[in-house]
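Enquirer: One structure, as structure tokens, below. Some questions next.
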């Protein structure tokens, strides 16, 4: 089943059909009863113009890791699902995307609609120098000019994010990305292929095909897995980073493994065995074939059982070693092997505090029983907490390792859950560099309410932020840095004033506000308050221009660097090869345009009287 990503969903509620003569009490009782009963609900899949779409799979969540097909639309686009309460539905057939524009009124009473719009498609082929297909090459496609943050896993019937996608060439060397957001895409094969192809994906069509040429065929990687004495190891699982995803080899009686299609270059090879542990080797794969024998180190056998504190079995336990799951039998018993060195072992179970241990594997067997207690909770409050103050709490110096972490809420309150019994040190740290400790005795299953905790007071740092004519600037942000760590933020009030509190030492203070150039100062605290001289911000100047030398669909990055190198401002170019960087200030700047391995720079002088400056850039060929 393909990886799927939600782009849109329809929420349904089971509705009670009540007669007008029903009393309010009867209505409430009937609503409560019907809200938990499954009822048939009718929907229709249509395009943006309201035309019905047939054969579309409608997905709904399940309790497992994947969604399930709840219905398939008929020739008239209609489908029926069983609804109980509120749940999300999604639909994303190949060539279509959910239409998230404002929905018109339903065309038929009692029939909800899922609207779809045409998507783009990009496809191609990977071949070697002789034109033969190459399998297992990773291909990436991403919407040009869009910056992406951390990936978030969500589920639905869609094949993946509409603005970025990853796939692999098949046995015929082909790859295809369906249901893409229309626009220019950068398509690359990063595994040894630096070339980037750009294609315009238009709604309802397939872009011009792409051909990537691999300079040499994928490599045959083979070898044997042997133990510390050189004897073959049967039943070892071997994987390699440059092979097709999901492919793994299991050794036979001769300990041999074989991967027919591995990318050349440095790769990670991982070998696992139930009795010999796990080993990771960094290997160099080279054509036409590479052989690498893996020697497993002497292993340490660890065995034991997960129990309650009274020695009784625990319901639903799980065990992980170095974040990898370990199999348990019905009685919570386990047996696994470790390679030499230190390892983290963590046992968990529902409604139990986790047990964490660090063990050192030296070759000698280890007996390890892990006790899971009924969890305790530590609650309390940080007195004098302010909304811009960040406070983190953790537990140390207890009967075992603890992964309990918590941040306080806006009122300074906190709650540390799943705490094992024993005596702990509660450590609180804030973003001003302060710490406080409290020794806490915890009993199994109890809620421990602490008296208010209070950080030691710090000296105040006060000042004003003004414009070039001495008028106060409200809403300016102040950052205070010590070393490479950002510690604190503050904001100016209507009078341009700010106040914060810092630990002793030397701090770099920066004041910024949209529409102005920033200002900086150095502040040293030695146990007493400090008044910072007024910080003056000059009105910002926008730098804009065009970029020559870009092909259609190429999106460059432009950065302006101040003469002293202390400040940088950047922006991505638009698809029409223009750019704009706001809020620069008088002085000499170096403006650099970058794309892939290409780069060009030019100086620009901003004068005090300038309101806007333009410089056109040329991105030279490689």
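Just so it is clear, none of the values below were taken in a lab; they were calculated from the coordinates. This structure is a prediction, so every number in the text was calculated from the model and none was measured. Please note: Cβ atoms are built from the backbone with ideal geometry, for glycine as well, and neighbour counts cover all protein chains shown.
Enquirer: Over the chain, what relative contact order in percent results from Cα pairs under 8 Å that are six or more residues apart?
Expert: Values: 1617 pairs, mean separation 44.3, N = 622.
It comes to 7 percent, rounded to a whole number.
Enquirer: Right, here's the next one. If you take the alpha carbon radius of gyration of the stretch 300-372 and divide it by 2.2 N^0.38 Å, what ratio comes out, to two decimals?
Expert: Rg over 2.2 N^0.38 Å, computed on Cα atoms: 1.03.
Enquirer: Can I ask one more? With a Förster radius of 25 Å, plug the Cβ-Cβ distance of residue 231 and residue 289 into 1/(1 + (r/R0)^6) and report the FRET value to the nearest 0.05.
Expert: It comes to 0.50.
Enquirer: Give me 179, 312, 600 ranked fewest to most by other Cβ atoms within 10 Å of their Cβ, as a rough exposure proxy.
Expert: 312, 600, 179
Enquirer: Then there is this: Could you compute the FRET efficiency for residue 609 and residue 477, with r as their C-beta to C-beta distance and R0 at 35 Å, rounded to 0.05?
Expert: Once the sixth-power term is evaluated, E becomes 0.80.
Enquirer: Translational diffusion coefficient, Stokes-Einstein: compute it for the stretch 460-537 using the Kirkwood radius over C-alpha pairs as Rh, at 10 °C and 1.306 mPa s, and state it as an integer in µm² s⁻¹.
Expert: Numbers: Rh = 12.4 Å.
Translational D for this selection: 128 µm²/s.
Enquirer: Could I ask something else about it? Calculated FRET efficiency, residue 170 and residue 315, Cβ-Cβ r, R0 56 Å, to nearest 0.05?
Expert: The formula returns an efficiency of 0.80 here.
Enquirer: Only bridges whose two residues both fall in the chain count here: according to DSSP, what percent of them are antiparallel, nearest 5? Could the numbers behind the result be given before it?
Expert: Values: 157 of 193 bridges.
Here the antiparallel bridges make up roughly 80 percent for the chain.
Enquirer: Still on this structure, please answer the following. Using 0.36 nm times the number of residues separating residue 367 and residue 568, minus their current alpha carbon distance, what extension gain do you get? Please list the in-between numbers first.
Expert: Working: separation 201, 0.36 × 201 = 72.36 nm, distance 5.72 nm.
That works out to 66.6 nm of additional length.
Enquirer: Can you give the Kirkwood hydrodynamic radius for the stretch 512-570, in Å, rounded to one decimal and based on Cα pairs?
Expert: Evaluated on the stretch 512-570, it is 15.3 Å.
Enquirer: Which three lengths, in whole Å and largest first, does the stretch 299-451 cover when its Cα atoms are put on their principal axes?
Expert: That gives 52, 32, 22 Å along the principal axes, largest extent first.
Enquirer: Projected area of the stretch 361-487, taken from the Cα convex hull and averaged over every viewing direction, in nm²?
Expert: 12.1 nm²
Enquirer: Return the calculated 222 nm mean residue ellipticity for the chain, to the nearest 500 deg cm²/dmol, obtained by summing -39500 (n - 2.57) across DSSP H runs with n ≥ 4 and dividing by the residue count.
Expert: Here the helix-only value at 222 nm equals -500 deg cm²/dmol.
Enquirer: Go through (i) 44, 31, 25; (ii) 44, 41, 36; (iii) 44, 31, 22 and flag the label whose value is the computed semi-axes √(5λ) of the Cα gyration tensor in Å for this structure.
Expert: Only one listed value fits the structure, namely (ii).
Enquirer: Under a crude label model (7 Å from the Cα following the beta-carbon direction), how far is residue 282 from residue 425 in nanometres?
Expert: 3.6 nm
Enquirer: Something else about it: Just to be sure I understand the model, the point goes 7 Å from the Cα along the line to the Cβ. What's the resulting residue 400 to residue 323 distance in nm?
Expert: 2.0 nm
Enquirer: Sketch the reach of a paramagnetic label on residue 379 as a point 7 Å from Cα along Cα-to-Cβ, and name the residues of the stretch 402-431 whose backbone nitrogen lies under 17 Å away.
Expert: 406-419
Enquirer: Can I ask one more? Using alpha-carbon pairs under 8 Å, 6+ residues apart, how would you state the relative contact order of the stretch 360-489 in percent?
Expert: Result for the stretch 360-489 is 26 percent.
Enquirer: So how much slack lies between residue 594 and residue 413, counting 0.36 nm per residue of separation and subtracting their Cα-Cα distance, in nm?
Expert: Here the segment from residue 594 to residue 413 would lengthen by 60.4 nm.
Enquirer: Using only the alpha-carbon atoms of the stretch 376-449, report the extent along each of the three principal axes, biggest first, to the nearest angstrom.
Expert: Computed over the Cα atoms, the extents are 34, 20, 17 Å.
Enquirer: Measuring from label point to label point, each 7 Å out along Cα→Cβ, what is the residue 618 to residue 360 span in nm?
Expert: Simple spin-label model gives 6.6 nm for this pair.
Enquirer: Hey, another quick one. Going by C-beta contacts inside 10 Å, put 112, 414, 185 in order with the fewest on the left.
Expert: Least to most surrounded, the residues fall as 112, 414, 185.
Enquirer: Quick check: residue separation of residue 544 and residue 72 times 0.36 nm, minus the Cα distance between them. What number comes out in nm?
Expert: So the chain would gain 164.8 nm between residue 544 and residue 72.
Enquirer: Which whole-number percent is the relative contact order of the stretch 460-537 (Cα, under 8 Å, 6+ apart)?
Expert: The value is 38 percent.
Enquirer: Please state, as a whole number in µm²/s, the translational diffusion coefficient that the Stokes-Einstein equation yields for the stretch 470-608 at 4 °C and 1.567 mPa s, with Rh defined as the Kirkwood radius across alpha carbon pairs.
Expert: Calculated translational D: 76 µm²/s.
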